[in-house]
Amino acid sequence: MEIIVQKFGGTSVKDDAARKQALRHVQYAVDQGDKVIVVVSAIGRKGAPYATDSLLGLVHGEQSRLTNRELDMLVSVGETISTAVFTELAREQGLNVVAMTGQDAGIVTSDEFQNAKILRVKPQAINDAFDDADVVVVTGFQGATESGHITTIGRGGSDTSAAILGAAFKAKRVDIFTDVNGMMTADPRLVTHARFIKAISYEELANMAHEGAKVIHPRAVEIAEQAHVPMRIRSTYQAPDELGTLVTDRTTTQIEHYRTVTGIAHQTGLTQFTVPTDTLSSSEIFELMAAHGLSVDFINITQHQVVFNLVNGDAKVANDLLTKAHVHCQAIGNCAKVSVVGAGITGTPGVTAKIVTALSAQHIDILQSTDSYTTIWVLVKEADLKVAMNALHDAFLGIDN
């Protein structure tokens, strides 16, 4: 028995028309002789009545008086509703299907409510269901503690659920269905010549997801990599035999050529802080941020100052904390981080020079930069983002490259 995991996000289950498109892919897999674990998100996105944000809005969102355990009771309902509705339509279309909550499916988590960690999957219930059924529809985003309390596993959790189930059942592959045709070399809403990526390594995709590409949650990619389970990023609205983007090991034969850069990712809404270390040391500055729940990113440390970024919404809190500590800092709001990602960056000379040349030619100031083995980041003003993205894409991924 070979198993395929298919995950359908909120836009893929938003109404009957979308669900019927999704069910074409389920039926196709069954017709190929596979058993299918379907993982569904809550119906629709913000504004839809059962979307996670809408459910949180019923109890005043972040100002809710509910405990995190009680909030998990509420927000898990969205995926439960979606699973029941999807299963009903699947039966109408003649599929032999069983519906399960995360708890029913044996997903055991920690008790960190609102952001639980999946500890293990007990396979017995799904294996038993496959004795008679061809399809098991499982709620994404949720599981249960050892003592039976419902938990949710954080935003992007349905991707993680699918990856965990793929790993637990040694699936032939995990298909992540969304409203795009696969991975692109950059956001096509910003980059004129962005193009489809036929195959990408786990590492490259995880880096792009961490740096703002929203097609999949990075944790899901990391789980699939650890288990060596192939993934595909696919469109719900394409034909069932369209393969989308294959995600696998870089050494696999499907990744046909060695490329320096795979894609350009971006994040917006950042504020850059430059903080001298004459009043507080660098460690004291970061401890101050951490003590107030502020997650800093894109860090540079020198002998006399530290530079870091926060999302715009946290900038005022940080500025107030530093002012209270009698630290005078410089803050530049509305910045954007642009990430040049590629497994081939490692050991390739001239990549940074190419970035600087491309941006300088467009008179774009680089406010900050840093690098890792597979990613080089630059910080620019958000007003320069579109020009910067196109310049870097043309430099590394244009027709002549």
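In the set (1) farther than 18 Å from ARG234 by Cβ; (2) in contact with a helix residue (DSSP H, G or I) (Cβ under 7 Å, 6 or more places away or on another chain); (3) buried (at least 22 other Cβ atoms within 10 Å of the Cβ), THR192 fails one condition alone, (3).
Name the one entry in LEU280, LEU288, LEU294 that is farther than 23 Å from ALA209 by Cβ, in contact with a Leu (Cβ under 8 Å, 6 or more places away or on another chain), part of a loop (DSSP other than H, G, I, E, B) and not hydroxyl-bearing (Ser, Thr, Tyr).
Numbers: LEU288 fails: part of a loop (DSSP other than H, G, I, E, B); LEU294 fails: farther than 23 Å from ALA209 by Cβ.
Matching residue, one of LEU280, LEU288, LEU294: LEU280.
The range 328-393 holds strands (runs of 3 or more DSSP E) entirely within its bounds, and those carrying 2 or more residues that are polar (S, T, N, Q) map to 330-341, 368-371.
Out of the residues in the range 355-368 that are in contact with a helix residue (DSSP H, G or I) (Cβ under 8 Å, 6 or more places away or on another chain) and surrounded by 17 or more Cβ atoms within 10 Å (Cβ to Cβ), state the one that is nearest to ASN309 (Cα to Cα). So that I can check it myself, show each step before the final result.
Of the range 355-368, the ones in contact with a helix residue (DSSP H, G or I) (Cβ under 8 Å, 6 or more places away or on another chain) are 355, 357-359, 361-362, 364-366.
So of that shortlist, the ones also surrounded by 17 or more Cβ atoms within 10 Å (Cβ to Cβ) come out as 355, 358-359, 364.
Details: ILE355: 21, ALA358: 24, LEU359: 21, ILE364: 19 Å.
Among residues in the range 355-368 that are in contact with a helix residue (DSSP H, G or I) (Cβ under 8 Å, 6 or more places away or on another chain) and surrounded by 17 or more Cβ atoms within 10 Å (Cβ to Cβ), the one nearest to ASN309 (Cα to Cα) is ILE364.
All of GLN267, GLN226 fail the test of being more than 20 Å from ALA29 (Cα to Cα) and in contact (Cβ under 8 Å) with a residue 60 or more places away in the chain, apart from GLN267.
Among the residues of the range 215-249, those that are of a type in the set (Ser, Thr, Tyr) and assigned to a loop (DSSP other than H, G, I, E, B) comprise THR236, TYR237. If the condition is being acidic (Asp, Glu), under 14 Å from the mean Cα position of the chain (by Cα) and assigned to a loop (DSSP other than H, G, I, E, B), then the range 170-214 contributes only GLU211. Confirm whether ALA336 is within 21 Å of ASP394 (Cα to Cα), out of contact with any Phe, Trp or Tyr (no Cβ under 8 Å at 6 or more places or on another chain), assigned by TED's automatic domain parsing to the domain that holds VAL296 and surrounded by fewer than 13 Cβ atoms within 10 Å (Cβ to Cβ). Considered against the rule, which asks whether it is within 21 Å of ASP394 (Cα to Cα), out of contact with any Phe, Trp or Tyr (no Cβ under 8 Å at 6 or more places or on another chain), assigned by TED's automatic domain parsing to the domain that holds VAL296 and surrounded by fewer than 13 Cβ atoms within 10 Å (Cβ to Cβ), ALA336 comes out as no. Does SER235 fit the bill of being over 25 Å from LEU165 (Cβ atoms) and of a type in the set (S, T, N, Q)? It is false that SER235 is over 25 Å from LEU165 (Cβ atoms) and of a type in the set (S, T, N, Q). Residues of the range 195-214 that are out of contact with any Pro (no Cβ under 9 Å at 6 or more places or on another chain) and surrounded by fewer than 19 Cβ atoms within 10 Å (Cβ to Cβ): PHE196, LYS198, GLY212, LYS214.
Would you confirm, using the coordinates I've provided, whether LEU55 is touching a Pro at 6+ places or on another chain (Cβ under 9 Å) and either touching a residue at least 24 places away in the same chain (Cβ under 8 Å) or not charged (D, E, K, R) (or both)? In short, yes. Only one of the listed residues (VAL39, VAL59) is buried (at least 17 other Cβ atoms within 10 Å of the Cβ) and either touching a helix residue (DSSP H, G or I) at 6+ places or on another chain (Cβ under 7 Å) or of a type in the set (A, V, I, L, M, F, W, C) (or both). That residue is VAL39.
Taking ASN300 as the residue in question, decide whether it is in contact with a Gly (Cβ under 6 Å, 6 or more places away or on another chain) and assigned by TED's automatic domain parsing to the domain that holds ILE376. Outline the logic, then answer.
Working: in contact with a Gly (Cβ under 6 Å, 6 or more places away or on another chain): no; assigned by TED's automatic domain parsing to the domain that holds ILE376: yes.
Spelling it out, it is not the case that ASN300 is in contact with a Gly (Cβ under 6 Å, 6 or more places away or on another chain) and assigned by TED's automatic domain parsing to the domain that holds ILE376.
Looking across the range 306-327, the residues that are part of a loop (DSSP other than H, G, I, E, B) and either under 29 Å from ALA391 (Cβ atoms) or aliphatic (A, V, I, L, M) (or both) come down to ALA325, VAL327.
Only one of SER295, SER360 is small (Gly, Ala, Ser) and more than 16 Å from GLY269 (Cα to Cα); which?
Exactly one of SER295, SER360 is small (Gly, Ala, Ser) and more than 16 Å from GLY269 (Cα to Cα), namely SER360.
So, ILE355, is that one touching a residue at least 40 places away in the same chain (Cβ under 8 Å) and closer than 30 Å to VAL247 by Cα or not? Against the criterion (touching a residue at least 40 places away in the same chain (Cβ under 8 Å) and closer than 30 Å to VAL247 by Cα), ILE355 qualifies.
Only residues that are basic (Lys, Arg) and at pLDDT 95 or above: list them for the range 3-56, please.
LYS7, ARG19, LYS20, ARG24, LYS35
The values are calculated or read from the model by the stated rules, or taken from the named source; none is laboratory data. Predicted model, so just to flag it, every value in this text is computed and none were measured. Note that each Cβ is placed from the backbone with ideal geometry, even for glycine, and that neighbours are counted across all protein chains shown.
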